[in-house]
1. Excluding ligands, DNA and RNA, what is the solvent-accessible area per residue of region 4-137 at a probe of 1.4 Å, expressed in Å²?
2. Show me, bin by bin at 10 Å from 0, the whole-percent P(r) of region 60-105 based on Cα pairs.
3. Relative contact order for region 65-217: what percent, with Cα pairs under 8 Å and sequence separation of 6 or more?
4. Under a straight-distance cross-link criterion of Cα-Cα below 13 Å, which aspartates and glutamates are reachable from Lys43, leaving out those fewer than 8 residues away in the same chain?
5. Using only Cα atoms, what Kirkwood radius does the chain have, in angstroms?
6. Round to a whole number: what % of the accessible area of the chain belongs to carbon and sulfur, probe 1.4 Å?
7. Which residue fluctuates the most in the chain, going by a Gaussian network model with Cα springs under 10 Å, if the choices are Gly67, Gly206, Gly31?
8. Can you work out the Karplus-derived ³J(HN,Hα) for every residue in region 77-91? Use 6.51 cos²θ - 1.76 cosθ + 1.60 with θ = phi - 60°, whole Hz, and x for glycine or proline.
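The values are calculated or read from the model by the stated rules, or taken from the named source; none is laboratory data. Only a predicted model underlies this, so the values are computations on that prediction, with no experimental measurement involved. Side chains are part of the model used for accessible areas, which takes the heavy atoms of the whole protein and leaves out ligands, DNA and RNA. Shrake-Rupley method; radii C 1.70, N 1.55, O 1.52, S 1.80 Å.
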Amino acid sequence: SPPPVGIYKSIDGGSNWSLKLDAQIVLSGGGWCLQSHPADFNKQYAAAGGVFGNPTINGVYRSTDAGDSWQLVTGPWTSLTGRVERIQLALAPSNPDILYASVQDAISDSSGNPGGLLGVWRTDNAWAATPTWTQLPFPFGTANRFWYNHVLSVDPANADLLYLGEVKLWRYTASTMTWTDFTGPLHADQHAMAWAGSRLIVGDDGGLWSTPDGAIT
């Protein structure tokens, strides 16, 4: 049988690993995302769970002891029983009190297609005892593939600029509360984003792409 899935921790450079957050799923699911406070590695956020929208497992978790123990964080998605599946998180490097969470809908749409977007939320007090959350406007035009391509990243210098990768690449601007499709020449299906200074690097089904000007070129 496969090993347990979830969030593992190593304290010897990766030679040995201990399961710290057990997602309790046998064949699929696991730990989807990790976000660390840039100034305090004891503070961690994780998204974990499995397929089929298990309401007792799937969700956002938080640790204040470098990942040794985890507590489930409630949010507006918590009441959407059975609809929470793959989750992605993005902590703002310039203001680590700000955290974004993007949640895949486990329920099929009216055409029978699973994998749509349930919603994107933001908290400005991520380390409070009970964070408060605000839902962002819905980026109309997304596909039903958030189980396959789903990634978030915040501009390192501007906590109000959020990038969401799915089939397309979107950028959310908090000052105008708008989403813009910046896919441009990119191949479909965005899977990874990383920053080299102010340059955003995107990995998708067509390879690697980089932009020095906020996805304009």
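1. Here the per-residue accessible area is 46 Å².
2. 22, 50, 27, 1
3. The normalised contact order for region 65-217 reaches 15 percent.
4. Candidates past the 8-residue exclusion: Asp65, Asp68, Asp97.
5. Mean inverse Cα-Cα distance, inverted, gives 17.7 Å.
6. Taking all protein chains in place, the chain shows 55 percent carbon and sulfur surface.
7. Between Gly67, Gly206, Gly31, it is Gly206 that shows the largest mean-square fluctuation.
8. These are the phi-based 3J(HN,Hα) values: 6, 4, 7, 8, 3, x, 10, 8, 10, 5, 10, 10, 10, 8, 8 Hz.
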